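Enquirer: Quick one: this structure, given as structure tokens, is what I'll be asking you about.
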Amino acid sequence: MKLALILNVIDPKIGGVMIMGDRGTGKSTTIRAIADLLPEIEVVSDDLFNSHVSDYDLMSDFTKQKVVDSSPVSTEFIKVPMVDLPLGATEDRLCGTIDIEKALNEGIKTFEPGLLAKANRGILYVDEVNLLDDHLVDILLDSAASGWNTVEREGISVRHPARFVLVGSGNPEEGELRPQLLDRFGMHAEIRTVKDPSLRVQIVEQRTQFDQDPYSCLEKFHGQQQDLKNRILLAQKKLSSIGIDYDLKVKISQICGLLDVDGLRGDIVTNRAAKAFAAYQDRDEVDVMDVKQVIILCLRHRLRKDPLDTIDSGTKVNQIVNDILS
């Protein structure tokens, strides 16, 4: 789970993480904690969409117009947005809608941004994603895939960037996800309750210490947190220069073919994740061990479900991987 989140922070184009597991295993806690590892980002000050000051693909129309007009653009640094999508959210709240207050008071049609606008260049987290309404899921997936949100409402037409790391969590007891939705998540992590008594005691003690004195707990791990932050920053810078051998690419695609994975998303995500992992390990070239570390996370949820199959999908992937990458 932690590895999948870190790799998505290094390369957001991996496509997000779906985390399924037992209740009370720290899924939400871990996801919310990842925001603290992210460096601050530079945004245009008076922009509603966290626009980038120089990357044209991450600019709203408002900022693009300023650049075209050669108007001065002021910027500020903010923490990477971490936006929660509640289960009861409406389509208007997600996509944005007309600003009723301005329309009534000033007679002006203006756009009021939604959660997709707030999440641009950040993380969008959906807890209990398997309980989310289907039409909201479709909107979410379209935005996550295209990187843009288009709103056509009451005579207003707005298109703005919506580049975010989509992170979902859920409990399999509450129902399975549609295969189309599962396939859109780059990686999939399964969490089980810890069985080892000494490890459970360690978790309980750490939790108790945190409840009693959160600040000293944060201080205690500050050094490790900073080291991890620096490591992620270095990996982000190194990512574009990481190479992957052609023969290794062929083997990844061979594994996807043998596992009967539909489409090519599995191949693409595995290649991206292996590069991100190599960058995280401070290497210049992807090797077999990098692929082995990430491939189960990338393919487990893409296998066709067979009700009569007694083998776990992760074990099935592992068997094929060991045969091909031995």
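Every number here is computed from the coordinates shown, using simple stated rules; none is lab data. In this text, all values refer to a predicted model and were calculated from it rather than measured experimentally. With ideal geometry, Cβ positions are generated from the backbone for all residues, glycine too; neighbour counts draw on all protein chains shown.
Enquirer: Fewest Cβ neighbours within 10 Å first, please rank Leu181, Leu48 accordingly.
Expert: Listing Leu181, Leu48 from fewest to most nearby Cβ atoms yields Leu48, Leu181.
Enquirer: While we're on this one: Ranking His222, His160 by Cβ neighbours within 10 Å, fewest first, what do you get?
Expert: Ordered by Cβ neighbours within 10 Å, fewest first: His222, His160.
Enquirer: Only helical DSSP H runs with n ≥ 4 go in: add -39500 (n - 2.57) per run for the chain, normalise by residue count and round the 222 nm mean residue ellipticity to 500 deg cm²/dmol.
Expert: Mean residue ellipticity, 222 nm, calculated: -13500 deg cm²/dmol.
Enquirer: Cβ under 12 Å from Leu48's Cβ, Leu48 left aside: what net charge do those residues give with Lys, Arg +1 and Asp, Glu -1?
Expert: -4
Enquirer: Just to verify a number: FRET efficiency for Gln209 and Leu264, C-beta to C-beta distance, R0 = 51 Å, to 0.05?
Expert: In this case the efficiency is close to 0.60.
Enquirer: Assuming 0.36 nm per residue, please report the length gained on full extension of the stretch Lys64 to His222 beyond their Cα-Cα distance.
Expert: Stretched out fully, the Lys64 to His222 stretch lengthens by 53.0 nm.
Enquirer: Kyte-Doolittle mean at least -0.5 and Cα extent at least 15 Å along the axis: which DSSP H helices of the chain qualify?
Expert: 134-146, 246-258, 265-280, 288-299, 313-324
Enquirer: For the cross-link pairs Lys195/Lys229; Lys2/Lys249; Lys2/Lys237; Lys13/Lys305; Lys79/Lys229, which exceed 22 Å when the distance is taken from alpha carbon to alpha carbon?
Expert: Pairs exceeding 22 Å: Lys195/Lys229; Lys2/Lys249; Lys13/Lys305.
Enquirer: Counting only C-alpha contacts under 8 Å and six or more residues apart, can you give the relative contact order of the chain as a whole percent?
Expert: Answer for the chain is 21 percent.
Enquirer: Please state, rounded to one decimal and in Å, the Kirkwood hydrodynamic radius that region 243-324 gives when every pair of distinct Cα atoms enters the mean of 1/r.
Expert: 12.9 Å
Enquirer: Let me ask something else. Exposed loop sites here are GluC sites (Glu not before Pro) in DSSP loop states with at most 13 other C-beta atoms within 10 Å. What is the longest stretch of the chain lacking them?
Expert: 177-326
Enquirer: If you work out Rg and Dmax of the Cα atoms in Å from the coordinates, which of (i) 21.4, 70; (ii) 23.9, 88; (iii) 24.1, 68 do you get?
Expert: Answer label, from the structure shown: (i).
Enquirer: Considering only Gln202, Gln65, Gln293, give the residue with the highest GNM mean-square fluctuation for the chain, with springs between Cα atoms whenever their separation is below 10 Å.
Expert: Answer for the Gaussian network model of the chain: Gln202.
Enquirer: Let me ask another. Run through all the Cα pairs of region 155-288 and give the fraction in each 5 Å bin from 0, expressed as whole percent.
Expert: So the P(r) values, bin by bin, are 2, 7, 10, 11, 14, 16, 15, 12, 7, 4, 1, 0, 0.
Enquirer: If each residue's Cβ is checked for other Cβ atoms within 10 Å, how do Thr29, Thr110, Thr97 rank with the fewest at the top?
Expert: The fewest-first ordering by Cβ neighbours comes to Thr29, Thr110, Thr97.
Enquirer: Between the DSSP loop rule and a limit of at most 15 other Cβ atoms within 10 Å, which trypsin sites (Lys or Arg not before Pro) in region 11-56 are left?
Expert: Taking region 11-56 and a limit of 15 other Cβ atoms within 10 Å, the loop trypsin sites (Lys or Arg not before Pro) found are Arg23.
Enquirer: Moving to a separate point now. Sorted from largest down, what three extents in whole angstroms do the Cα atoms of region 126-168 have along their principal axes?
Expert: Projected onto the principal axes, the Cα atoms of region 126-168 cover 34, 20, 13 Å.
Enquirer: Once amide H atoms are built 1.01 Å from N in the peptide plane, which residues 5 or more positions from Trp148, or in another chain, come under 5 Å H to H?
Expert: Counting only residues 5 or more places away or on other chains, the set is Ala162.
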